[in-house]
Amino acid sequence: MVLKPNPKYLSADVKHLWLKRRGMLLDMKKKNGYSEKKKINLTIGASLRVFRLKNNWTQHDIAYRLGILAPAVSKLESGTTEVNLSRLEQFANIYGIDISEFFNKKEKETCSQEPVESANFKLAKSVEENKLLREKIIKLYEEIYR
């Protein structure tokens with residue numbers, strides 16, 4: 001049997017660590033939005049994703065080139081994990097760009113529409129294919145039950 005500490009009887013430091021470990025700590029600084037550090041992580045992560053999509057690479061492709069796992073790339077792109085300078089240099093070398101381009105908003109804005117347009121095209125194509133398949137199914141159904 002594992003005994004769980006009662007937060008009521010813990011000192012402030014130990015209670016803070018215990019609550020943080022249990023995932024119940026509310027950071028009051030972030031109550032009104034993201035912290036500056038989180039905003040930077042989100043900006044860099046979005047740029048990493050844009051450059052990956054611009055090169056038509058998957059997260060697995062990038063992970064293989066970096067020698068890490070695909071979930072780690074996902075966490076970097078989502079801003080969950082902070083990107084250190086050496087990792088940022090590796091990304092820049094893979095994409096053949098300067099590190100400063102990860103912070104360039106114009107590049108991000110122009111690139112971010114390409115995946116959306118591609119997804120919209122694929123969606124429209126699949127809707128049309130579904131419509132044709134429904135018509136074929138109806139015809140087959142009518143032939144069978146005549």
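Kindly check whether there is at least one residue in the stretch 21-44 that is out of contact with any Phe, Trp or Tyr (no Cβ under 8 Å at 6 or more places or on another chain), surrounded by 15 or more Cβ atoms within 10 Å (Cβ to Cβ), of a type in the set (Phe, Trp, Tyr) and at pLDDT below 90. Scanning the stretch 21-44 turns up no residue that is out of contact with any Phe, Trp or Tyr (no Cβ under 8 Å at 6 or more places or on another chain), surrounded by 15 or more Cβ atoms within 10 Å (Cβ to Cβ), of a type in the set (Phe, Trp, Tyr) and at pLDDT below 90. Within the stretch 58-83, the set of residues being touching a Phe, Trp or Tyr at 6+ places or on another chain (Cβ under 8 Å) and at pLDDT below 90 comprises just one member, 83.
Condition check ((1) surrounded by 13 or more Cβ atoms within 10 Å (Cβ to Cβ); (2) under 20 Å from residue 61 (Cα atoms); (3) at pLDDT below 85; (4) not small (Gly, Ala, Ser)) across all residues:
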residue	(1), (2), (3), (4)
91	yes, yes, no, yes
102	yes, yes, yes, yes
106	no, no, yes, yes
114	yes, yes, yes, yes
118	no, yes, yes, no
138	no, no, no, yes
144	no, no, no, yes
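Scanning the stretch 67-90 for residues being assigned to a loop (DSSP other than H, G, I, E, B) and hydrophobic (A, V, I, L, M, F, W, C) gives a total of 3.
The values are calculated or read from the model by the stated rules, or taken from the named source; none is laboratory data. For clarity, every value in this text was computed on a predicted model and none was experimentally measured. As a convention, Cβ positions derive from the backbone with ideal geometry for all residues, glycine included, and neighbour counts pool all protein chains shown.
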